[in-house]
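Colleague: Below is a structure I'd like to ask you about.
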Amino acid sequence: MSEDNKDLMLNIDSLYVEYRTDDAIVKALNGMSLQIRHGETHGLVGETGAGKTTTGLAIMKLIPDPPGVVVSGDIQLNYLDVQKATEKQMEHVRGSVVSMIFQDPMTSLNPVMVVEDQIAEVFEQHEKVNHAEAIKRTHEMLELVGIPAERGKEYPHQFSGGMKQRVVIAMALAGSPGLIIADEPTTALDVTIQAQVLKMMKDLKDRLGTAMLMITHDLGIVAEICDKVSVVYAGRVIEHGTLEDIFDRTRHPYTEGLFNSLPNLRDRKAMLKPIKGLMPDPANLPGGCPFHPRCNYVMDICSTERAPRVYRTEEHYVACHLYNADNIQQGGMIQRD
Amino acid sequence: MWKYIGRRILALIPVIVGVTLLVYFIMSLAPGDPVKTILGEQATPEAIESLREEMGLNDPIIVQYVRWFGKLLQGDLGLSYKSKDSVSMEIASRIPTTLKLSFSAMTIAILFAIPLGIIAAVKQNSIIDGASMFLALLGVSIPIFWLGLLLILLFSLRLGLLPSAGAQSWKSFILPGIALGFHSMASIARITRSSMLEVIRQDYTRTARAKGLPYRDVIQKHALRNALIPTVTVVGLQMGALLSGSVLTETVFSLPGIGRYMIQSISGRDIPAVLGCIVVFTLTFSVVNLIVDLLYGFIDPRIRAQYS
């Protein structure tokens, strides 16, 4: 592992995060682990409330505190220990080493500031250039994401949703970070605009050689853009592998459920097969494997013990009691239709 | 923009009519006779009757009102029953005092309230937050006249630092300014805190932090301006509170302002004087409201877009 760490952009190791309110302790992350290499696109897939956004915020060290508390675990961001970093260090890192594209472009821009000033701040902050120079660079940035430079003088409310997200993307790219965290960047957009924005992100990412953590619940986006995929359930990665591993050599019943719940385009009359039950309340997680109450292959051990990781290849692993070193290679424990 | 301002000024006319009509009726219904107040209790019935006729008080109230309003349209507020001088002159001579009082009160209020509100929000649930919100609670709870008397007791009688009455120099406005401004300070601080708390949780505040801006810049450059809209609203409303508060403050500190003049005129049944003060107060409040609405547009481009 230590050899590999050299080209790691991000290494999260068994991270536990809780939101402690008066009513309950919400366990958002329960042993989250992630590795992203330089220039790689990593998909983080899961349902709402699985802890995807919390993971992103933890990397930025922007988990609202209170109520958020990082209980234990390590985050190495390009050799920087995020947990031990001072606020001053993080200010330097945010925007220049790692930046984040938030889910809702409608609310993530300051409504009382013209967009070019909002982007220019990144240049002023990290490259210590004067305002005129920053604006010049901003105009280049705007052109790069397909917005005419002269529209920089406008306010966010004069932009459409897709345009706003382009502005946010320009802002995230401005500091040429090594890692971009994209938190469901297209969820709030129209389907037609989604494809445009996604394509643009992919092109820019490839051109600039940036690594990306693509947080999404959309398997279509994952197939389109990601190199590696981690499937998260209740704040923990339950299956991880390359795009092909996850799509073609699926092992975990939950991942299988995700695929089965997609509509079948060849047979329009086929019923959807949703995963039964609901995402567990993170304030009150079931014991053992948190997925066991919804799992079609549940065994006695599932409700008492958390499943260890079983590796199929060096990359592809699954955390499920169905598997051991002997049967992981051939799979076939679950029926795929 | 100018069209909007023009529309707003036109809308003032029905407001003035409504307010003065209401006050006119209330004053006519109130017990006490202005004529008796002028001539004294010993006046003969004939003298009273002839003066009533002369002043037009025997006409129906609505006729009296229309006559008064006609003069108002020509800029004439009539003659004071008591001093026989022009009400306009009486008010004009008192406006500077009330303006100075309101200005010092508002300055004191804003100067303390906004930093206090911001600090309380940024350091939510800290001792500073608790202390400033306790101060704000005191501010909204303590009556102006009582605070005024306490201030006089301490600073004028005990310490002899500041004058307790009159309007001789700027020093005369410090104590009344504090007494009057304290209440507004409390309201403004509370609203600044709560709107700041809301803005701090907004996505764009998080975006600003994600850019790597220092927290201080995030608050000053991004959060504050967004938090100002509710604050400006309350500042505008507090201008109204200052006008009514000036009535009490000017009485406690014996300041020769409009508020005190109105109180004296009400007890003397000096209807033209009371109405004159009401017109001035109504106009001031409406103009302040208009300024507040224009300020919204200045602060928030989305509102500005609606004006044109």
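Colleague: Please enumerate the residues belonging to region A:239-259 that are buried (at least 18 other Cβ atoms within 10 Å of the Cβ) and out of contact with any Phe, Trp or Tyr (no Cβ under 6 Å at 6 or more places or on another chain).
Modeller: A:Glu239, A:Gly241, A:Asp245, A:Ile246, A:Thr250, A:Arg251, A:His252, A:Thr255, A:Glu256, A:Gly257, A:Leu258
Colleague: In addition: So in region B:44-88, with the set limited to residues that are surrounded by fewer than 14 Cβ atoms within 10 Å (Cβ to Cβ) and of a type in the set (A, V, I, L, M), which one is farthest from B:Ile278 (Cα to Cα)?
Modeller: B:Ala47
Colleague: Among the numbered criteria (1) under 16 Å from A:Thr48 (Cα atoms); (2) at pLDDT 90 or above; (3) of a type in the set (A, V, I, L, M, F, W, C), which single criterion is violated by A:Met212?
Modeller: Looking at each condition in turn, A:Met212 falls short on (1).
Colleague: Just one of (1) away from chain B (no Cβ under 14 Å); (2) part of a loop (DSSP other than H, G, I, E, B); (3) touching a strand residue (DSSP E or B) at 6+ places or on another chain (Cβ under 8 Å) trips up A:Glu239, so point out which.
Modeller: (2)
Colleague: Out of B:Gly130, B:Gly70, which single residue is under 28 Å from B:His222 (Cβ atoms) and either charged (D, E, K, R) or in a helix (DSSP H, G or I) (or both)?
Modeller: B:Gly130
Colleague: Out of the residues in region A:47-85 meeting the condition of being assigned to a strand (DSSP E or B) and over 23 Å from A:Arg37 (Cβ atoms), tell me which one is nearest to the other protein chains (Cβ to nearest Cβ).
Modeller: Among those that are assigned to a strand (DSSP E or B) and over 23 Å from A:Arg37 (Cβ atoms), it is A:Gly68.
Colleague: State all residues of region A:167-179 that are more than 11 Å from every other protein chain (Cβ to nearest Cβ), in contact with a helix residue (DSSP H, G or I) (Cβ under 7 Å, 6 or more places away or on another chain) and either without any contact (Cβ under 8 Å) to a residue 24 or more places away in the chain or buried (at least 16 other Cβ atoms within 10 Å of the Cβ) (or both); if no residue qualifies, say none.
Modeller: A:Ile169, A:Ala170, A:Leu173
Colleague: Can you give me the number of residues within region A:104-126 that are under 11 Å from A:Gly152 (Cβ atoms), hydrophobic (A, V, I, L, M, F, W, C) and buried (at least 19 other Cβ atoms within 10 Å of the Cβ)? Explain how you work it out, then say what you get.
Modeller: So in region A:104-126, the residues under 11 Å from A:Gly152 (Cβ atoms) come out as A:114-120.
Remaining after also requiring hydrophobic (A, V, I, L, M, F, W, C): A:114-115, A:119-120.
The next check asks that each one be buried (at least 19 other Cβ atoms within 10 Å of the Cβ); those that pass are A:115, A:119-120.
Result for region A:104-126: 3.
Colleague: Give me a count of the residues in region A:182-205 that are over 12 Å from A:Thr216 (Cβ atoms), within 17 Å of the chain's Cα centre (by Cα) and either in a loop (DSSP other than H, G, I, E, B) or of a type in the set (S, T, N, Q) (or both).
Modeller: First, the residues of region A:182-205 that are over 12 Å from A:Thr216 (Cβ atoms): A:188-193, A:195-197, A:199-200, A:202-205.
Remaining after also requiring within 17 Å of the chain's Cα centre (by Cα): A:188, A:197, A:202, A:205.
Right, trim to either in a loop (DSSP other than H, G, I, E, B) or of a type in the set (S, T, N, Q) (or both) and you get A:188.
Count: 1.
Colleague: Starting from residues that are over 18 Å from the mean Cα position of the chain (by Cα) and aliphatic (A, V, I, L, M), keep the ones in region B:252-272 and report whichever is farthest from the other protein chains (Cβ to nearest Cβ).
Modeller: Step by step, filter region B:252-272, then rank; the result is B:Ile271.
Colleague: Sticking with this one: With the condition kept exactly as written, say whether any residue in region B:175-197 is modelled with pLDDT of 90 or more and within 14 Å of chain A (Cβ to nearest Cβ).
Modeller: Scanning region B:175-197, I find at least one residue that is modelled with pLDDT of 90 or more and within 14 Å of chain A (Cβ to nearest Cβ), so the answer is yes.
Colleague: Here is a further query. Tell me, yes or no, whether region A:134-153 has at least one residue that is under 29 Å from A:Gly49 (Cβ atoms), free of Cβ contacts under 8 Å to residues at least 12 places away in the same chain and within 27 Å of the chain's Cα centre (by Cα).
Modeller: No, the conditions are met nowhere in region A:134-153.
Colleague: Just give me the residues in region B:172-210 being among the charged types (D, E, K, R), within 30 Å of A:Gly175 (Cα to Cα) and either assigned to a helix (DSSP H, G or I) or touching a strand residue (DSSP E or B) at 6+ places or on another chain (Cβ under 6 Å) (or both), in sequence order. Can you show your working first?
Modeller: Going through region B:172-210, the residues among the charged types (D, E, K, R) turn out to be B:190, B:193, B:198, B:201, B:203, B:206, B:209.
Still in the list and also within 30 Å of A:Gly175 (Cα to Cα): B:198, B:201, B:203, B:206, B:209.
Of everything in region B:172-210, those that are among the charged types (D, E, K, R), within 30 Å of A:Gly175 (Cα to Cα) and either assigned to a helix (DSSP H, G or I) or touching a strand residue (DSSP E or B) at 6+ places or on another chain (Cβ under 6 Å) (or both) turn out to be B:Glu198, B:Asp203, B:Arg206, B:Arg209.
Colleague: Test of understanding: among A:Pro308, A:Pro293, A:Pro274, which residue is more than 22 Å from the chain's Cα centre (by Cα), at pLDDT below 85 and either surrounded by fewer than 17 Cβ atoms within 10 Å (Cβ to Cβ) or within 19 Å of A:Ile25 (Cα to Cα) (or both)?
Modeller: Details: A:Pro308 fails: at pLDDT below 85; A:Pro293 fails: at pLDDT below 85.
Selected residue: A:Pro274, the only one of A:Pro308, A:Pro293, A:Pro274 that is more than 22 Å from the chain's Cα centre (by Cα), at pLDDT below 85 and either surrounded by fewer than 17 Cβ atoms within 10 Å (Cβ to Cβ) or within 19 Å of A:Ile25 (Cα to Cα) (or both).
Colleague: Can you confirm whether A:Thr107 is in a loop (DSSP other than H, G, I, E, B), among the β-branched types (Val, Ile, Thr) and at the interface with chain B (Cβ under 9 Å from one of its Cβ atoms)?
Modeller: Answer is yes for this residue.
Colleague: List the number of the failed condition for A:Arg37; all other conditions in (1) touching a residue at least 24 places away in the same chain (Cβ under 8 Å); (2) over 20 Å from the mean Cα position of the chain (by Cα) hold.
Modeller: Exception for A:Arg37: condition (2).
Colleague: Let me ask another. Taking A:Leu204 as meeting all but one of (1) more than 14 Å from chain B (Cβ to nearest Cβ); (2) closer than 15 Å to A:Asp104 by Cα; (3) in contact with a Leu (Cβ under 9 Å, 6 or more places away or on another chain), write down the number of the exception.
Modeller: Condition (2) is where A:Leu204 drops out.
Colleague: Name the single residue that is nearest to A:Glu184 (Cα to Cα) among those in region A:110-128 being part of a loop (DSSP other than H, G, I, E, B) and facing another protein chain (nearest Cβ under 9 Å).
Modeller: Here the residue is A:Asn110.
Colleague: When region B:157-183 is examined, which residues are found to be within 23 Å of B:Leu111 (Cβ to Cβ) and among the hydroxyl-bearing types (Ser, Thr, Tyr)? Even if it seems obvious, please write down each step before you answer.
Modeller: Applying the first criterion (within 23 Å of B:Leu111 (Cβ to Cβ)) to region B:157-183 yields B:159, B:161-163, B:167, B:169-183.
Scanning region B:157-183 gives B:Ser169, B:Ser172.
Colleague: Of all residues in region B:208-230, how many are facing chain A (nearest Cβ under 7 Å) and surrounded by fewer than 17 Cβ atoms within 10 Å (Cβ to Cβ)?
Modeller: Of the residues in that region, 2 qualify.
Colleague: State which residue is nearest to A:Pro111 (Cα to Cα) when the search covers only region A:132-157 and only residues that are outside any helix (DSSP H, G or I) and either basic (Lys, Arg) or within 14 Å of chain B (Cβ to nearest Cβ) (or both).
Modeller: A:Tyr155
Colleague: A further question on this structure: Residues of region B:80-105 being of a type outside the set (S, T, N, Q) and outside any helix (DSSP H, G or I), which ones? Don't jump to the end; show me each part of the working.
Modeller: Initial filter on region B:80-105 (of a type outside the set (S, T, N, Q)): B:81-82, B:84-85, B:87, B:89-92, B:94-96, B:99-101, B:103, B:105.
Listed by number, the residues that qualify are B:Tyr81, B:Lys82, B:Lys84, B:Asp85.
Colleague: Tally time: how many residues in region B:1-44 are in contact (Cβ under 8 Å) with a residue 24 or more places away in the chain and assigned to a helix (DSSP H, G or I)?
Modeller: We begin by selecting, within region B:1-44, every residue in contact (Cβ under 8 Å) with a residue 24 or more places away in the chain; these are B:1, B:4-5, B:8-9, B:12, B:15-17, B:19-21, B:23-25, B:27-28, B:30, B:32-34, B:37-38.
Filter again for assigned to a helix (DSSP H, G or I), leaving B:4-5, B:8-9, B:12, B:15-17, B:19-21, B:23-25, B:27-28, B:34, B:37-38.
Within region B:1-44, residues that are in contact (Cβ under 8 Å) with a residue 24 or more places away in the chain and assigned to a helix (DSSP H, G or I) number 19.
Colleague: Looking at A:Ala24, A:Ala28 in this structure, which one is crowded, with 22+ Cβ neighbours inside 10 Å, of a type in the set (Gly, Ala, Ser) and in contact (Cβ under 8 Å) with a residue 60 or more places away in the chain? Full working, then the answer.
Modeller: On the way: A:Ala24 fails: crowded, with 22+ Cβ neighbours inside 10 Å.
Testing whether each residue is crowded, with 22+ Cβ neighbours inside 10 Å, of a type in the set (Gly, Ala, Ser) and in contact (Cβ under 8 Å) with a residue 60 or more places away in the chain leaves just A:Ala28.
Colleague: Does region B:289-296 contain any residue that is within 14 Å of another protein chain (Cβ to nearest Cβ) and either at pLDDT below 90 or closer than 30 Å to A:Ala172 by Cα (or both)?
Modeller: Among the residues of region B:289-296, at least one is within 14 Å of another protein chain (Cβ to nearest Cβ) and either at pLDDT below 90 or closer than 30 Å to A:Ala172 by Cα (or both), which makes the answer yes.
Colleague: Can you tell me how many residues in region A:311-337 are at pLDDT 85 or above and among the aliphatic types (A, V, I, L, M)?
Modeller: Taking region A:311-337 and keeping what is at pLDDT 85 or above, we get A:311-323.
The next check asks that each one be among the aliphatic types (A, V, I, L, M); those that pass are A:318-319, A:322.
Matching residues across region A:311-337 total 3.
Colleague: So for region B:164-171 (the condition being charged (D, E, K, R) and either touching a residue at least 12 places away in the same chain (Cβ under 8 Å) or within 14 Å of chain A (Cβ to nearest Cβ) (or both)), does at least one residue qualify?
Modeller: Checking region B:164-171: not a single residue is charged (D, E, K, R) and either touching a residue at least 12 places away in the same chain (Cβ under 8 Å) or within 14 Å of chain A (Cβ to nearest Cβ) (or both).
The values are calculated or read from the model by the stated rules, or taken from the named source; none is laboratory data. Please read these numbers as outputs of a predicted model, since none were measured by experiment. Quick reminder, even Gly has a Cβ in these numbers, built from the backbone with ideal geometry, and neighbours come from all protein chains shown.
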